[in-house]
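The values are calculated or read from the model by the stated rules, or taken from the named source; none is laboratory data. Given the structure is predicted, the values throughout are model-derived calculations rather than measurements. Methodologically, a virtual Cβ is constructed for each residue, glycine included, from the backbone with ideal geometry; neighbour enumeration extends over all protein chains shown. For accessibility, only protein heavy atoms count, side chains too; no ligands or nucleic acids. Shrake-Rupley method; radii C 1.70, N 1.55, O 1.52, S 1.80 Å.
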Amino acid sequence: MKQEIQDPPSTSPEANASITATESPLRQELAEQKDLNLHLAADFENFKRRSRQEVESRAAAQKDSFIRELLPSLDNLERALASGASPGTLQFHQGVEMTLQQLRLLLRQHGIETEEIVGQPFDPHRHEAVSQRHDPAQANQAILEVFQRGYRRGEKVFRPAKVVVNELKHTKQGHHAH
C-alpha cells in the first residue's frame, strides 16, 4: 500500500503531450486576457482623467464667460463715479464706490487684475488704441487716457484696455507738409 501512495500514477508519453498541448492555449489565452484587462484599466483611467479635465475646462470657460459679462457693469459703475458726486448724492456715490471695490476684490480672488496704465507705453498686445492725440509733454506712443479699463489674468490679457495713444511722429510729419 505504501508503494501505491508514493508512486505517481503512470501516464503514457502520449497523455503527457496531450496535457501540455491543452495547457499552452490556456496559458496564452490567460496572458491575452491579462493584457486586455490592463489595457481596459489604462483606458478607463485615461477616460476618467479626460472627463475630469473637460469638466474643469468647461467650468473655467463658464466662469470666464460670467466675468466677461460682468465687466460692462463695472465699467458703468466707474463711469458713475467719474461723473462726480453732488452734495445731495454723496452717500449714493460712496455706496457705488464700495460696490465697485467689492467687485474688484472678487475679481482679484479669481485671478483677474487691472493696472493703472496712463503714461505707460502702448502695447498692441495688451491695449486697443481707439484714438490718437498729440501731447508734446508725453512720450511718443504713451497712453494718455483709458476709455475702458483692461483686465489680465497673470500675464495673459483677459480684456484689452481701450486707450488714447500719444502720436508725436504723425503730427510732426503733418507740420512739414504745410
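Couple of notes before you dig in:
- So Ala60, is it within 27 Å of Leu107 (Cα to Cα) and free of Cβ contacts under 8 Å to residues at least 40 places away in the same chain: yes
- The range 102-145, subset of a type outside the set (A, V, I, L, M) and in contact (Cβ under 8 Å) with a residue 40 or more places away in the chain, residue nearest to Glu167 (Cα to Cα): Phe122
- Restricted to the range 119-139, and to residues there that are modelled with pLDDT of 95 or more and among the aliphatic types (A, V, I, L, M), the residue that is surrounded by the fewest Cβ atoms within 10 Å (Cβ to Cβ) is Val130.
- One residue from Glu145, Glu113, Glu155, Glu78 being open to solvent by 80 Å² or more (accessible area, probe 1.4 Å) and of a type in the set (Asp, Glu): Glu155
- Residues of the range 146-165 classified as at negative phi and either of a type in the set (Lys, Arg) or touching a residue at least 40 places away in the same chain (Cβ under 8 Å) (or both), total: 12
- Subset of the range 95-110 [open to solvent by 80 Å² or more (accessible area, probe 1.4 Å) and more than 20 Å from the chain's Cα centre (by Cα)]: Met98, Gln101, Gln102
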